[in-house]
Each structure stands twice: as structure tokens, then as C-alpha cells.
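Heads up, the thing below is written out as C-alpha cells.
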Amino acid sequence: MGIKGSSTRQVFFENVKVPVENVLGEIGKGHLIAFNALNIGRFKLGAMCAGAGRTVTTKAVQYANERIQFDQPIGNFGAIQYKLAEMAIRTFAAESMSFRISQQMQDKKAAATAEGKSYGQSMLEAAEEYAIECSILKVYGSEVIDYCVDENVQIHGGIGFSEEYTAARAYRDSRINRIYEGTNEINRLLMVDQLLRRAMKGKLDIVNPAWAVQKELSSMPSMDRPEGPYAEEHKAVGDFKKIVLMCAGAAAKMQMDGKLNLKEEQEILMNCADMLIDLYAAESMLHRVQKLSAFEQKAQPQEVYDAMLQVFLHDATQRMSKNATDALVSFADGDLLKTFLMGVKRFLKYPPVNVKEKRRMVAAALRNANQWAF
Ligand SMILES: Cc1cc2nc3c(=O)[nH]c(=O)nc-3n(C[C@H](O)[C@H](O)[C@H](O)COP(=O)(O)OP(=O)(O)OC[C@H]3O[C@@H](n4cnc5c(N)ncnc54)[C@H](O)[C@@H]3O)c2cc1C
């Protein structure tokens, strides 16, 4: 063993003897522990980014309330309110995902422990089961915090660029999150790869749901609007699932027929990953907002949480449409492509939202609290 290099220090292990009592896990199976430690690391990174998003949003709103230009606080300007609201909405989405995954992993760990498995084994199983979700949170959280720190610099104007203030420091520090714990490109590849692998191994049924979506495409569309609490939102999330199934299912089928080699088509995999991220974020946010609707005591009136959810779904619908279209035109053509593109139009129909007014409502909640307010 030795330390090499003077400026960058690296530790190399060569022929190091480890006492038997110090061996962790099983010999020859260390990679399982290493990979699952990465999953936990990704979860923690994503949750940390959501926490940092709250802090940076607080900094931004305090400065927006304080800084006077054209005889008024810059927070009065719609352009600034847009940024504050977006920082809050995206952070809220990342937070919703992290709350959901942490509960799911805890439940899985508790179930494994109840079966008599050791603490280590139970943790390993929980991390393995939610590997896809951990990658999704890592990518989404790190991109949310990068958005927040960038807009925070912008809201601070010239002093945001100065290294003497915290905005520039946060901007610099945030950037690494998209690189370590697996770069965001690698994590995007991993989440789709894992999904397809689980489907191939029969652990996850995407073939039958994908087939059901294809069948639905050949039937007459229903004109009925959904009814009940958050019915349009549940429908939107259900439709996002259909879009993911349609695109991933069609691509997987072409791969099985030998007409496509997805390993060589990373652009399509990136589109699929981005759809998965939007789907998981939308669903997590919907669960949280609907749960909040049953609480009497909460930081904001329900209409503010509803506004955040509606703006997110409005934007996610457009992103889904672009990602699905980009993926489909990359591997399908002729009548098949026409049918799929019809599906994109048919399944992505979340009703129009006055996003300007909803964002203003969210920004007002932040400005009144003069800090993170949710
Ligand atoms: C501050 C800091 C702390 C770190 N801490 C740790 C630590 O504690 N433990 C640890 O193990 N590592 C750590 N790292 C290393 C970090 O995990 C790596 O830098 C990271 O995994 C990227 O690897 P790389 O730098 O070799 O980039 P490369 O692998 O060369 O990647 C360069 C670019 O190419 C892309 N790319 C690479 N391969 C593919 C592919 N197959 N398909 C598509 N795109 C691809 C990447 O996404 C990236 O955009 C740290 C790095 C930094 C900067």
C-alpha cells in the first residue's frame, strides 16, 4: 500500500492482507455492497440537494424583498416572481420524491428485518429494490439545485457574481452534484437499463401494460372528463405512465426483434430517463399535495400547494411530449410512427393552467414569509 503523487494524493492497495475478522460481507461479493452503498449515496445526495434548495430559495426571496430598483423591491417584478416560484416548485418536487423514497426504503428494510434478516442485509435489500428511484432523485435533485443557485445569482445581480457573497459560493459548490455519485448521464443510463433488465427477468411487468396501451390506441378516445378529488391530476400522472410504457415498450420490442440496439442509442435512453424522472416527480408531488389537503394545520392554504402541483404538471406535460416525440421519431417511421405520435397527443391532455397567476401565488407565499414557506 502507498500514497503516490505530491499535489494529488491517491491511495493504492496492492497485495494488502486483511484479517479474517475484518472482512465485511462475503468474499467475492464486495461489489454488491459497493453498488448498493452507491444507491444510498445517491438517495442522500438528492435529499441534500432538496434541503439546499430550501436554503437557497430563502436567500433569494430575502434579497428580492430587500433590494430596491426603480423605487420598489425587485420581488415586485413578475420576472423575479417567476424565478422564486420555480425554485420553490422544483425544490418541493425533489423533496416530495425524497420523502417518498425514504419511507419506501424504511418499509422494505423493516419487512426484511421482520423476516429475520440482519440489519446489513436488510439495508442492502432496501437499497437494491429502490436503485432506480435513488438514481432518479440524484439526477433530479442535483439539477434542481443547479437551477436554484443559478437563478439565485441572477436575482442578486452584480453582487451575485462576486465571490465575497454566498450566492457565488453556492453556485460553485452545487456544480459537483451532477458529477459525483455517478454522473447524471450514467445515472440516466442506469435507470432505464435497470427498468428493462427487471422487465426481461420478469420482476417487473411492462409488457402487458405496454400492450394494453397499444390496444387503447386503436380504440375510440373517451370524451368524459375524470371526476373526484385531484381527478385531472391523477389522470395526468396515469397518462404519463402510458407515454413511458408506449415509448419504452416499443423500443424494447424493436430491440428484441433485432431492429434496434439501445446501447448504441443513448439519445433515446436519455429521453426515456427524462420521462421517468418527470413521471416519478409528478406522482410524488401529487401524493404529497393530496395528503396535505386532508391536513387542517399546514404552512400555506391548500390552494398554494395545488398551484405548485398544477404548474409542475403543466410544464411536465410539455416536456413529456417533447421527450416522447424525440424518442419515437428516432426509432419508428411510417404508419407505426403516426400511431405513436397520435398516442402522444391523446395521452398528454392536462387542462390549461394560468401558470402566470399560479406562480405569482407561490411567489407571494414566499415573499410574505420572507423565507421558504411550505
Ligand atoms: C470534489 C470531488 C469529490 C469526489 N469524491 C469521490 C468519492 O468520494 N469517491 C469516489 O469514488 N469518487 C469521487 N469523485 C470522483 C467522481 O465520482 C468522478 O469524477 C465521476 O464519477 C466522473 O468520473 P470522471 O471524472 O472520470 O469523468 P468521466 O468518466 O471521464 O466522464 C466525463 C464525461 O463523459 C461522460 N461519460 C462517461 N462515460 C460515459 C458513457 N458510458 N456514456 C455517456 N457518457 C459518459 C460523463 O457523464 C461526463 O459527462 C469525486 C470527484 C470530485 C470532483
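A few points about this structure:
- Solvent-accessible area per residue in the stretch 1-134 equals 59 Å², computed with a 1.4 angstrom probe and all protein chains kept.
- Each of Arg225, Arg188 has its accessible area taken with a 1.4 Å probe; listed largest first, they run Arg225, Arg188.
- The loop-placed GluC sites (Glu not before Pro) in the stretch 96-190, going by DSSP, that have at most 14 neighbouring Cβ atoms within 10 Å of their Cβ come out as Glu115, Glu163, Glu164.
- Calculated accessible area for the stretch 185-369 comes out at 53 Å² per residue, all protein chains present (probe 1.4 Å; ligands, DNA, RNA ignored).
- Calculated log₁₀ intensity ratio I(q)/I(0) where the Debye formula runs over C-alpha points of the chain, q = 0.11, 0.13 Å⁻¹: -0.89, -1.16
- Qualifying trypsin sites (Lys or Arg not before Pro) for the stretch 243-349 [loop in DSSP, other Cβ within 10 Å: at most 11]: Lys259
- Charged side chains reduced to their Cβ positions (Lys and Arg at +1, Asp and Glu at -1) give the stretch 225-353 a dipole of some 240 debye around its Cα centre.
- Shape of the stretch 161-231, Cα gyration tensor, a/c cut at 1.5: oblate
- Set of lysines with alpha-carbon distance to Lys259 below 27 Å, sequence-local pairs under 8 removed: Lys201, Lys203, Lys215, Lys241, Lys242, Lys322, Lys338, Lys345
- ³J(HN,Hα), Karplus 6.51/-1.76/1.60, whole Hz, each residue of the stretch 359-372, x for Gly, Pro: 5, 4, 5, 5, 5, 5, 4, 5, 5, 5, 7, 6, 5, 3
- Taking the 1.4 Å solvent-accessible surface of the chain as the whole, the part contributed by carbon and sulfur is 54%.
- Max mean-square fluctuation residue, GNM over the chain, Cα-Cα springs under 10 Å, options Met123, Met270, Met256: Met256
- Cα gyration tensor shape for the stretch 1-149, rounded if a/c is under 1.5, else prolate or oblate: oblate
- Listed by chain and number, the lysines placed with their C-alpha closer than 18 angstrom to that of Lys117 are Lys29, Lys108, Lys109; residues fewer than eight positions away on the same chain are left out.
- Simple Cβ-charge dipole of the stretch 52-124, Lys/Arg +1 and Asp/Glu -1, about Cα centre, in debye nearest 20: 220
- With θ taken as phi - 60° and the Karplus curve 6.51 cos²θ - 1.76 cosθ + 1.60 applied, the whole-hertz 3J(HN,Hα) list for the stretch 159-172 is 6, x, 7, 7, 5, 6, 9, 5, 4, 5, 4, 5, 4, 5 Hz, x standing for glycine and proline.
The values are calculated or read from the model by the stated rules, or taken from the named source; none is laboratory data. Small disclaimer: the values here were computed from a predicted structure and weren't measured. Backbone-built Cβ (ideal geometry, glycine too); neighbour counts: all protein chains shown. Heavy atoms of the whole protein, side chains included, go into the accessibility calculation; ligands, DNA and RNA do not. Shrake-Rupley method; radii C 1.70, N 1.55, O 1.52, S 1.80 Å.
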